[in-house]
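Engineer: One structure, as structure tokens, below. Some questions next.
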Ligand code: SF4
């Protein structure tokens, strides 16, 4: 739990969505559908920037998509040609209103709206340099650093897409971007391809860019292809074109945790089904950590497919043995410890008739601090489970992530401090087994190049001194403060 909020321990990063229509169209309701489909990637704020004839209008606020986008507000936006949108979980910068995306920038050559998923690893250095040269930042996000760098390059480059491509030589880390200029939609993905980004086409010819294919489905778009790591795709009145000058310059490092936990199971990322990857994780777990048991149960939601995979591979029957109350969101605030304890029971509840008197294989996606897992095991015991064999469809978290999640420090990661058998004892399980790193690399069927840094400690890029998501909240140059 963080700040009294019910919490599963690790947060998604953000979701981005963009659409280009050659005709004026009612894009705002479509965008809200797309964001609803991406809600799992960020529940703290939502926003849209709609471009009509080069003039941007925005709706941006703290809250879920359904809270931020009322029908009246969407209708008031009217029609447009291009829109970009964002759901956010704050990986850099606090979750206050000024940090809500898309960012809207007016600059010498026009205007631009930008939505970013990921985290720069050199944002602090870039921002410090920009501030020394007089730049004034309005947010505490690394996304504004990207916007400043694009604007700076735009003054030198002949087009916005050339500016985005040039910025790829400057910014480092994880970024999937959708950008609207007065006449263009741009979708760009960092050369490592840490975060997903895909393209689709609606029957009316409009082109959609989105973090996940589930958002394409939500707006009736047919999947065209993924944006390649390092690619800049531009859509305008001349159609769609691509700059691949940054493709293939570094090995691919797609976040493996997108497949294990972040993404929706109905999404297909870089050609691989998330659902099937999770089932494969469960099958690997059954191979690596077999056990005699009566039933396999998954912790909803992201443990379910892995549990099915475990059951198929082991021959132990699968059953739905735990329900999740989908109406208790992450915004549920529980001010006292006892209310928080009760809140966990509100969110997850075992099905007694399924688990009572049984030896249960309980499959979940991760253990971060161990507190949530301990409560889940306790619940199963209270519901009468005779034995609980915990199986985790990811390797142990031992290192922070600098690429757009909130695991920003080793502190508190239980696997950093305890052995597997110690963790089993602490969470109250009869046995515990994690997916091996070797098998995590094979979740999509072959070793296609994953980032597994938080499980293995080997980072595909240089990393910053600190991953603290609030690092821009405090004074950066104390020596330069006014006396
Ligand atoms: S460090 Fe972990 S969570 Fe972060 S991008 Fe790599 S695999 Fe994903």
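Values quoted throughout were computed directly from the atomic coordinates according to the rules given, and no laboratory measurement underlies them. Note that the coordinates shown come from a computational prediction; the quantities given were computed from them, not determined experimentally. Virtual Cβ from ideal backbone geometry, glycine too; neighbours counted across all protein chains shown.
Engineer: Return the ratio Rg/(2.2 N^0.38 Å) for region 55-155, where Rg is computed over Cα atoms only.
Structural biologist: Output field value: 1.15.
Engineer: What order do you get for 312, 246, 86 when you list them from fewest to most C-beta neighbours inside 10 Å?
Structural biologist: 312, 246, 86
Engineer: With only alpha-carbon atoms in the gyration tensor, what are the semi-axes of the equivalent ellipsoid for region 14-251, in Å, largest first?
Structural biologist: Its equivalent ellipsoid spans semi-axes of 24, 20, 17 Å.
Engineer: Report the calculated FRET efficiency for residue 162 and residue 292 (r = Cβ-Cβ distance, R0 = 56 Å), to the nearest 0.05.
Structural biologist: 0.35
Engineer: For a footprinting-style exposure proxy, rank 81, 439, 389 by other Cβ within 10 Å, fewest first.
Structural biologist: On the way: 81 25, 439 18, 389 22.
In order of increasing Cβ crowding within 10 Å: 439, 389, 81.
Engineer: Then there is this: Angle check, please: helix 123-132 long axis (alpha carbons) against the longest principal axis of the chain (alpha carbons), in degrees 0 to 90, nearest 10.
Structural biologist: 30
Engineer: Let me ask another. What value, in deg cm²/dmol to 500, does the helix sum -39500 (n - 2.57) over DSSP H runs of n ≥ 4 give at 222 nm once divided by the residues of the chain?
Structural biologist: Result for the chain: -7500 deg cm²/dmol, rounded to the nearest 500.
Engineer: Can you give me the C-alpha center-to-center distance between region 191-236 and region 266-329, rounded to a whole angstrom?
Structural biologist: 28
Engineer: Scale the Cα Rg of the chain by the rule-of-thumb value 2.2 N^0.38 Å and send over the ratio, two decimals.
Structural biologist: Rg over 2.2 N^0.38 Å, computed on Cα atoms: 0.98.
Engineer: Based on the Cβ-Cβ distance from residue 55 to residue 345, what FRET efficiency comes out when R0 is 56 Å, to the nearest 0.05?
Structural biologist: 0.65
Engineer: Under 19 Å from a label point 7 Å along Cα→Cβ of residue 250: give me every residue in region 431-451 with its amide N that close.
Structural biologist: Inside the label zone: 448-451.
Engineer: How far is helix 337-347 tilted, in degrees, relative to the longest principal axis of the Cα atoms in the chain, given as a value from 0 to 90 rounded to the nearest 10?
Structural biologist: Long axis of 337-347 versus the principal axis of the chain: about 90 degrees.
Engineer: What is the P(r) of region 262-301, as percent of Cα-Cα pairs per 5 Å bin from 0?
Structural biologist: Reading upward from the zero bin: 6, 18, 24, 22, 15, 10, 3, 1.
Engineer: Quick one: work out the % antiparallel among DSSP beta bridges in region 117-229, nearest 5. Mind dumping the intermediate values first?
Structural biologist: Values: 17 of 17 bridges.
Taking every DSSP beta bridge within region 117-229, about 100 percent pair in antiparallel fashion.
Engineer: Roughly speaking, what is the centre-to-centre gap between region 53-85 and region 368-438 when only Cα atoms are used, to the nearest Å?
Structural biologist: Distance between centres, Cα-based: 40 Å.
Engineer: A further question on this structure: Sort 261, 148, 327 so the one with the fewest other Cβ atoms within 10 Å of its own Cβ comes first.
Structural biologist: 327, 148, 261
Engineer: Counting only Cα, what are the radius of gyration and maximum Cα-Cα distance Dmax of region 268-456, in Å?
Structural biologist: According to the Cα coordinates of region 268-456, Rg and Dmax are 16.2, 47 Å.
Engineer: At q = 0.17, 0.22, 0.23 Å⁻¹, what base-10 log of I(q)/I(0) does the Debye formula yield for region 9-122 when every alpha carbon is treated as an equal point scatterer in vacuo?
Structural biologist: -0.76, -1.20, -1.29
Engineer: Please give the helix 27-37 orientation as an angle from the longest Cα principal axis of the chain, in degrees from 0 to 90, rounded to the nearest 10.
Structural biologist: Approximately 20 degrees, to the nearest 10.
Engineer: Taking every DSSP beta bridge that has both residues in the chain, what percent is antiparallel when rounded to the nearest 5? It would help to have the intermediate numbers written out before the result.
Structural biologist: Working: 69 of 86 bridges.
Among the beta bridges of the chain, antiparallel pairing accounts for roughly 80 percent.
Engineer: Write down the Kirkwood hydrodynamic radius of region 199-287, to one decimal in angstroms, obtained as one divided by the mean of 1/r over all alpha carbon pairs.
Structural biologist: After inverting the pairwise mean of 1/r, the radius is 14.7 Å.
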